[in-house]
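Just so it is clear, none of the values below were taken in a lab; they were calculated from the coordinates. The structure displayed is predicted, hence computed values, not measured ones.
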Amino acid sequence: MQFTTVLIASFAALAMAIPTKDSSDKATPTKLPEPEFSILPIETPKDAPLIDLWQDEDFLGFKFTGFSTAGTCENLHGTGFNNNVSSGKSRPGFRCTVWNKKDCFGPAFSFNEQGIDDLPSWIDNKASSWKCVKN
Ligand SMILES: *[C@@H]1O[C@H](CO)[C@@H](O)[C@H](O)[C@H]1NC(C)=O
């Protein structure tokens, strides 16, 4: 009971303390700022599809699409595609490389958007990492 009374009293004091705006302010319409829609579409997505890798030669079988940023090394994870890729293509505008060790180390093979339908035996079913750069 006492608490409520104190609370109401403080609100009343607060209301009194807030200065009331001059009525002349209302005569000037406030112009809302233009929404800046242009910012979002200009931004390029950080992760874009850069590479397609297939388990089988001739771009057949299960396909993995790798999303990343150009120039960034990515490792192939899990059992499906790590050490189990036989063909690959880069997305248009990119050139991709696969390495037979993690972190883009070891023997490497590069291809463009035409791709490689059958990776040479020294990297066939041995690729563990990949990276794409802009053409
Ligand atoms: C590896 O690829 C072959 C096709 O070349 C596929 O049959 C097999 O299931 C794949 N292995 C795994 C673990 O997904």
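Observations
- The HN-Hα couplings worked out from phi for region 115-127 by the Karplus form 6.51 cos²θ - 1.76 cosθ + 1.60 (θ = phi - 60°) are x, 10, 7, 8, 4, x, 4, 5, 10, 4, 6, 10, 5 Hz, whole numbers, x standing for Gly and Pro.
- Unit Cα scatterers, Debye sum, region 48-134: log10 I(q)/I(0) for q = 0.13 Å⁻¹: -0.31
- Pairs over the 18 Å Cα-Cα cut-off, from the set 63/134; 101/126; 46/126; 89/131; 102/134; 63/89: 63/134; 46/126; 102/134.
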